[in-house]
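For reference, the structure is listed below as structure tokens.
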Amino acid sequence: MAELRALVAVKRVIDFAVKIRVKPDKSGVVTDGVKHSMNPFCEIAVEEAVRLKEKKLVKEVIAVSCGPAQCQETIRTALAMGADRGIHVEVPAAQAESLGPLQVARVLAKLAEKEKVDLLFLGKQAIDDDCNQTGQMTAGLLDWPQGTFASQVTLEGDKIKVEREIDGGLETIRLKLPSVVTADLRLNEPRYATLPNIMKAKKKKIEVMKPGDLGVDLTSKISVISVEEPPQRLAGVKVETTEDLVAKLKEVGRI
Amino acid sequence: MVGGSVPVFDEIILSTALMNQVISFHDVSGILVCQAGCVLEELSQYLQERDFIMPLDLGAKGSCHIGGNVATNAGGLRFLRYGSLRGTVLGLEVVLADGTILNCLTSLRKDNTGYDLKQLFIGSEGTLGIITAVSILCPPRPKAVNVAFLGCPGFAEVLQTFSTCKGMLGEILSAFEFMDAECMQLVGQHLHLTNPVQESPFYVLVETSGSSAGHDTEKLTSVLEQVLNSGLVSDGTIATDQRKVQMLWALRERITEALSRDGYVFKYDISLPVERLYDLVIDLRTRVGPRAKHVVGYGHLGDGNLHLNVTAEAFSQELLSALEPYVYAWTAEQRGSVSAEHGLGFKKKNVLGYSKPPVAVKMMQQLKALLDPKGILNPYKTLPTQA
């Protein structure tokens with residue numbers, strides 16, 4: 001059914017390879033001048049949506065991101081991977097700090113309705129907050145079925161079969177469209193954006209809007225009290241003999 | 001690579017592994033003073049925390065010592081941008097053959113008082129003295145690093161892409177490496193690395209390093225648009241995150257590994273005028289024909305440095321005779337270097353004459369006799385056996 005349309009939500013996060021530093025005032029982590037990139041799970045979500053489009057099962061892929069101006073870079077990456085157009089829900093930097101899963105879910109729910117999409121793809125979680133809530137909350141707000149931790153996705157007419165990675169192994173479910181799917185690691189291997197596509201992406205449209213335009217209130221009932229580094233791992237102690245080892249273990253009350 | 005640090009007859013091995021302390025680091029000047037046994041990767045990590053980097057980087061960073069890097073005048077991947085150790089090393093502490101400690105461990109950028117003795121020891125492969133401490137100038141850590149991987153339809157286009165990048169990227173260009181289609185095929189076959197672009201006769205890796213992400217990305221996309229539109233490049237990609245940066249570099253850095261899995265490898269490391277860099281590969285392929293499994297070329301194009309490798313099922317004297325001295329003679333004819341980076345060591349000491357005139361070789365032997373009259377420092381290496 002080439003009439004299906006997909007919305008993919010992408011988040012701009014600190015690059016996974018960066019060594020995170022906590023701000024001296026413990027209000028958060030240092031983000032200034034630090035390399036940011038698309039959340040790896042969001043990239044997998046974009047890749048899946050684009051593949052469905054290449055298989056002619058989806059007609060249009062829209063990439064959306066919420067946050068300050070720099071989010072547009074992340075949307076451009078999605079466009080370079082094959083998304084057709086982008087939506088930037090602009091939230092000024094100061095306010096962006098209070099953007100949590102519930103706020104983003106409200107935005108995505110409104111957008112999904114406005115754009116009349118059949119599929120909403122997200123990464124299962126963001127590597128900065130590890131919340132793993134946005135997809136689930138959006139599905140709840142929309143009252144749509146959800147297939148989370150997807151490791152395989154198959155479109156079957158007006159339904160979607162999702163194989164999910166769960167603690168016990170794999171669970172396969174069938175959802176009626178429209179539905180929400182969150183991508184897990186093994187869903188696919190995202191492509192490299194090739195130069196011709198990167199150039200084409202520059203000309204693709206990114207619509208900018210404010211949360212107010214969607215009638216969404218961003219106030220959060222959560223405030224961050226402090227952010228601290230985990231305690232330093234203490235160095236181990238080497239001993240010479242087995243007797244020493246036993247004695248030391250007894251000394252620290254381990255045996 | 002050339003057996004420089006391999007004992008061959010009756011030597012005693014001296015390790016500086018326990019001399020692994022950083023002596024000082026001055027974060028305004030960026031000058032690091034450390035003992036020779038410091039591992040390059042550990043120094044990189046030390047500096048990273050202080051927002052600096054080492055001026056050199058190579059595949060063996062996890063195990064090589066800085067003293068060894070200096071003794072071999074290691075080149076590496078950052079050479080194009082930060083230059084040779086001959087420029088970045090400010091001072092050395094060296095122990096001479098008779099036990100005298102030569103302390104030239106200054107941290108001065110400029111010091112024209114007398115002969116610059118440290119230059120004798122840099123690249124001397126441990127044959128003139130043992131380096132025990134190094135003072136080195138470290139550049140600030142670039143805030144923005146971008147990597148692009150491109151496919152070129154021919155070597156002429158590779159060269160033109162290089163000129164275009166130099167012109168349009170200017171000061172932010174930090175690496176320009178090339179590899180041929182055979183290399184890509186080998187890393188795909190033996191290491192299962194995916195080709196990120198469409199199949200091409202040549203591939204180029206371009207890295208930029210700068211202080212402003214926006215400025216650098218703009219310059220890079222500009223030059224890439226240019227080379228794509230003018231047909232110099234048929235396809236390409238830019239790394240969008242650190243993982244992709246590492247994956248793209250792996251395509252180039254792991255060629256050696258892929259080659260070693262292909263069979264017996266004959267390795268040549270040559271400096272040539274950059275326009276002729278690939279001609280030797282083509283010539284050699286025709287010359288050795290089916291006697292070799294693969295004849296590949298890759299390397300630091302920006303530095304005019306070709307890594308020429310020939311693989312075969314097993315070592316064969318016949319193949320070796322077809323390769324040597326042909327490769328050396330070819331190089332000598334172009335007034336190139338028979339060992340751009342790897343040094344002479346044990347394996348290449350007798351081909352020094354292809355790149356240096358007899359007067360130079362004689363003077364080297366005189367210096368060796370002066371500094372090590374008993375011939376105890378890394379004997380049997382580097383200089384040709386005297387008749």
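The values are calculated or read from the model by the stated rules, or taken from the named source; none is laboratory data. These figures come from a predicted structure and were not determined experimentally. Here the Cβ is made from the backbone with ideal geometry for all residues, glycine too, and neighbour counts use every protein chain on show.
Let me confirm something: among B:GLN317, B:GLN334, which residue is out of contact with any Leu (no Cβ under 7 Å at 6 or more places or on another chain), polar (S, T, N, Q) and on the phi < 0 side of the Ramachandran plot?
B:GLN317
Identify, by number, the condition in (1) at pLDDT 95 or above; (2) surrounded by fewer than 17 Cβ atoms within 10 Å (Cβ to Cβ); (3) not small (Gly, Ala, Ser) that B:PHE25 doesn't meet.
(2) is the only condition that B:PHE25 fails.
Considering every residue within segment B:151-163, establish whether at least one is within 14 Å of chain A (Cβ to nearest Cβ), in a loop (DSSP other than H, G, I, E, B) and among the hydroxyl-bearing types (Ser, Thr, Tyr).
no
Let's see how each residue does on (1) surrounded by fewer than 23 Cβ atoms within 10 Å (Cβ to Cβ); (2) more than 14 Å from chain A (Cβ to nearest Cβ); (3) touching a residue at least 60 places away in the same chain (Cβ under 8 Å); (4) farther than 16 Å from B:LEU90 by Cβ:
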{"residue": "B:SER107", "(1), (2), (3), (4)": "yes, yes, yes, no"}
{"residue": "B:ASP111", "(1), (2), (3), (4)": "yes, yes, no, no"}
{"residue": "B:GLY114", "(1), (2), (3), (4)": "yes, yes, no, no"}
{"residue": "B:LEU117", "(1), (2), (3), (4)": "yes, yes, no, no"}
{"residue": "B:SER124", "(1), (2), (3), (4)": "no, yes, yes, yes"}
{"residue": "B:ILE131", "(1), (2), (3), (4)": "no, yes, yes, no"}
{"residue": "B:VAL134", "(1), (2), (3), (4)": "no, yes, yes, no"}
{"residue": "B:ASN146", "(1), (2), (3), (4)": "no, no, yes, yes"}
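Please determine, by comparing only the residues of segment A:48-95 that are without any contact (Cβ under 8 Å) to a residue 40 or more places away in the chain and of a type outside the set (A, V, I, L, M), which one is farthest from A:THR182 (Cα to Cα).
Taking the candidates together, the pick is A:PRO92.
Return the total of residues in segment B:228-238 being in contact with a strand residue (DSSP E or B) (Cβ under 7 Å, 6 or more places away or on another chain) and more than 8 Å from chain A (Cβ to nearest Cβ).
Adding up the residues that qualify gives 2.
Out of A:SER27, A:SER98, I need the residue that is more than 14 Å from every other protein chain (Cβ to nearest Cβ), in a loop (DSSP other than H, G, I, E, B) and out of contact with any Ser or Thr (no Cβ under 7 Å at 6 or more places or on another chain). Which one? Show your work before the answer.
Numbers: A:SER98 fails: out of contact with any Ser or Thr (no Cβ under 7 Å at 6 or more places or on another chain).
That would be A:SER27, the only listed residue that is more than 14 Å from every other protein chain (Cβ to nearest Cβ), in a loop (DSSP other than H, G, I, E, B) and out of contact with any Ser or Thr (no Cβ under 7 Å at 6 or more places or on another chain).
Among the helices (runs of 4 or more DSSP H) contained in segment B:197-295, which hold 3 or more residues that are among the small types (Gly, Ala, Ser)?
In segment B:197-295, the matching helices (runs of 4 or more DSSP H) lie at B:213-229.
Per-residue answers, yes or no, for (1) modelled with pLDDT under 90; (2) in a loop (DSSP other than H, G, I, E, B); (3) surrounded by 10 or more Cβ atoms within 10 Å (Cβ to Cβ):
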{"residue": "A:SER220", "(1), (2), (3)": "yes, yes, yes"}
{"residue": "A:SER226", "(1), (2), (3)": "no, yes, no"}
{"residue": "A:PRO230", "(1), (2), (3)": "yes, yes, no"}
{"residue": "A:ALA235", "(1), (2), (3)": "yes, yes, no"}
{"residue": "A:VAL239", "(1), (2), (3)": "yes, yes, yes"}
{"residue": "A:ASP244", "(1), (2), (3)": "no, no, yes"}
{"residue": "A:ALA247", "(1), (2), (3)": "no, no, yes"}
{"residue": "A:LYS250", "(1), (2), (3)": "no, no, yes"}
{"residue": "A:ARG254", "(1), (2), (3)": "yes, yes, no"}
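Identify the residue in segment B:54-81 that is under 19 Å from B:GLY3 (Cα atoms) and assigned to a loop (DSSP other than H, G, I, E, B) and, among all such residues, is farthest from the chain's Cα centre (by Cα).
This residue is B:SER63.
Please tell me if A:GLN72 is within 17 Å of the chain's Cα centre (by Cα) and in a helix (DSSP H, G or I).
Yes.
Just one of (1) among the acidic types (Asp, Glu); (2) closer than 24 Å to B:GLY214 by Cα; (3) touching a residue at least 40 places away in the same chain (Cβ under 8 Å); (4) surrounded by fewer than 23 Cβ atoms within 10 Å (Cβ to Cβ) trips up A:GLU43, so point out which.
(4)
Is at least one residue of segment B:251-274 touching a residue at least 24 places away in the same chain (Cβ under 8 Å), within 14 Å of another protein chain (Cβ to nearest Cβ), farther than 29 Å from B:ARG335 by Cα and of a type outside the set (Phe, Trp, Tyr)?
yes
How many residues does segment B:21-54 contain that are touching a strand residue (DSSP E or B) at 6+ places or on another chain (Cβ under 8 Å), closer than 18 Å to B:ALA74 by Cβ and of a type outside the set (Val, Ile, Thr)?
Of the residues in segment B:21-54, 10 are touching a strand residue (DSSP E or B) at 6+ places or on another chain (Cβ under 8 Å), closer than 18 Å to B:ALA74 by Cβ and of a type outside the set (Val, Ile, Thr).
Just the residues that are outside any helix (DSSP H, G or I) and either at pLDDT below 95 or within 14 Å of another protein chain (Cβ to nearest Cβ) (or both), please, taken from segment A:178-203.
A:ASN188, A:GLU189, A:PRO190, A:ARG191, A:TYR192, A:ALA193, A:THR194, listed by residue number.
Has segment B:179-196 got any residue that is within 12 Å of chain A (Cβ to nearest Cβ), within 23 Å of B:PRO139 (Cβ to Cβ) and surrounded by fewer than 21 Cβ atoms within 10 Å (Cβ to Cβ)?
Scanning segment B:179-196 turns up no residue that is within 12 Å of chain A (Cβ to nearest Cβ), within 23 Å of B:PRO139 (Cβ to Cβ) and surrounded by fewer than 21 Cβ atoms within 10 Å (Cβ to Cβ).
For residues that are surrounded by fewer than 16 Cβ atoms within 10 Å (Cβ to Cβ) and of a type in the set (A, V, I, L, M, F, W, C), scanning just segment A:30-40, find the one that is nearest to the other protein chains (Cβ to nearest Cβ).
By that ranking, first place goes to A:VAL34.
Residues being hydrophobic (A, V, I, L, M, F, W, C) and within 9 Å of chain A (Cβ to nearest Cβ): count how many of those fall in segment B:199-226.
So the count comes out to 2.
Note down all Cβ pairs under 9 Å where the first residue falls in segment B:291-305 and is farther than 27 Å from B:SER321 by Cα and not assigned by TED's automatic domain parsing to the domain that holds B:PHE178, the second is assigned to a helix (DSSP H, G or I) and charged (D, E, K, R), and they're at least six residues apart or on different chains.
B:GLY302/B:ARG81; B:GLY302/B:LYS166
Which of the residues belonging to segment B:65-92 are more than 24 Å from B:LEU301 (Cα to Cα), surrounded by fewer than 22 Cβ atoms within 10 Å (Cβ to Cβ) and without any contact (Cβ under 8 Å) to a residue 60 or more places away in the chain?
Result: B:GLY91, single match.
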